[in-house]
Amino acid sequence: MSPIVWKLVGPGAAVAAGAVANRLTKRIWVTVTKTQPPANPEDPDVAWKEAVAWALASGAIIGLSRLLVERQAAVLYRKATGEQPPGLEGGRQAATS
């Protein structure tokens, strides 16, 4: 597997995860609030409380989903090639005393 494959797989997985997480976030919002999420939280007619809650919920769920999928894609790449994907080498920082 070449670095070019990783350049396609990594972002592709992140986009797919974002789309799934967006749908999941909307379902969770409707289940918890019994209302539809704001279509445009930037609209001044949307209450601040609702806009901020939506931003926090969607950001957290989408961010976490992307992280999980990108990490799993990196694990699969490493299993297939025996090395870290390009750009992920040296991901651990040495502890400083």
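When we screen 11, 44 for residues that are exposed (fewer than 15 other Cβ atoms within 10 Å of the Cβ) and modelled with pLDDT under 85, the only hit is 11. Just to be sure, is residue 39 under 22 Å from the mean Cα position of the chain (by Cα) and either surrounded by 13 or more Cβ atoms within 10 Å (Cβ to Cβ) or within 26 Å of residue 72 (Cα to Cα) (or both)? When the stated conditions are applied, residue 39 does not pass them.
Residues in segment 69-86 that are more than 12 Å from residue 6 (Cβ to Cβ) and in contact with a helix residue (DSSP H, G or I) (Cβ under 7 Å, 6 or more places away or on another chain): 69 alone. Considered as a group, the residues in segment 57-71 that are at pLDDT below 90 and of a type in the set (Gly, Ala, Ser) include one that is nearest to residue 24 (Cα to Cα), and that residue is 65.
The values are calculated or read from the model by the stated rules, or taken from the named source; none is laboratory data. All values reported here derive from a predicted model rather than from experimental measurement. Neighbour counts run over all protein chains shown; Cβ positions are idealised from the backbone, glycine included.
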